[in-house]
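The values are calculated or read from the model by the stated rules, or taken from the named source; none is laboratory data. Quick caveat, the model's predicted, so the values are computed rather than measured. Cβ: placed from backbone, ideal geometry, glycine included. Neighbour counts: every protein chain shown.
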């Protein structure tokens, strides 16, 4: 951005120098701005896309989302485009190579969870698949926040989704991580009410 964006109230929307209002976290780096304007909160239903978002949300735990965005291309390369069948075949040689790759998050637990989850995604195909499973936890209503403080970090549905996934053998799928996934794929809309992206997903009215 060429100039400091303006915010009308603490934690409220921030208007950029392009005149568009956004949730405050969209600023600070071009990658965040592009992700916010073009991807975040848009519906995803393909298996690989959902598996990628689930995996990246798991890798993000304890880190900033910007860190993940900057490494996303490398993640896609080394995790075979997040094709569950390919990732599920990873063994110790692949894990060791991943642990030595500075282009991703080198955390054995998260890497092993991703490989495990790939196998669990494949198993879900017998019961309708990952898309049907995840979206069955879509809530009846979505938050309508005006400030960052009003945006929840979890909810009854994300708690239920987390429990259901863990029962299926998934790892790194806690309630907060799953709520972030729900936000990312449009299951809930937590764009601030005055943001130019509010309602963009078509899943919820503005």
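Quick notes on this one:
- Screening residue 124 against (1) within 21 Å of residue 45 (Cα to Cα); (2) surrounded by fewer than 17 Cβ atoms within 10 Å (Cβ to Cβ) leaves a single unmet condition, (2).
- Residue ranges of helices (runs of 4 or more DSSP H) in the stretch 1-110 with at least 2 members closer than 22 Å to residue 182 by Cα: 30-38, 47-60, 65-78
- Scope the stretch 127-143; condition closer than 30 Å to residue 13 by Cβ and either surrounded by 17 or more Cβ atoms within 10 Å (Cβ to Cβ) or in contact with a helix residue (DSSP H, G or I) (Cβ under 8 Å, 6 or more places away or on another chain) (or both); matching residues: 134, 135, 137, 138, 139, 142, 143
- Cβ-Cβ under 6 Å pairs, at least 6 apart or on other chains, the stretch 160-174 side farther than 19 Å from residue 112 by Cβ, far side not in a loop (DSSP other than H, G, I, E, B): 161/178
- Total residues in the stretch 27-53, condition at pLDDT 95 or above and on the phi > 0 side of the Ramachandran plot: 1
- The set of residues in the stretch 86-100 that are surrounded by fewer than 16 Cβ atoms within 10 Å (Cβ to Cβ) and closer than 23 Å to residue 70 by Cβ comprises 95, 97, 99, 100.
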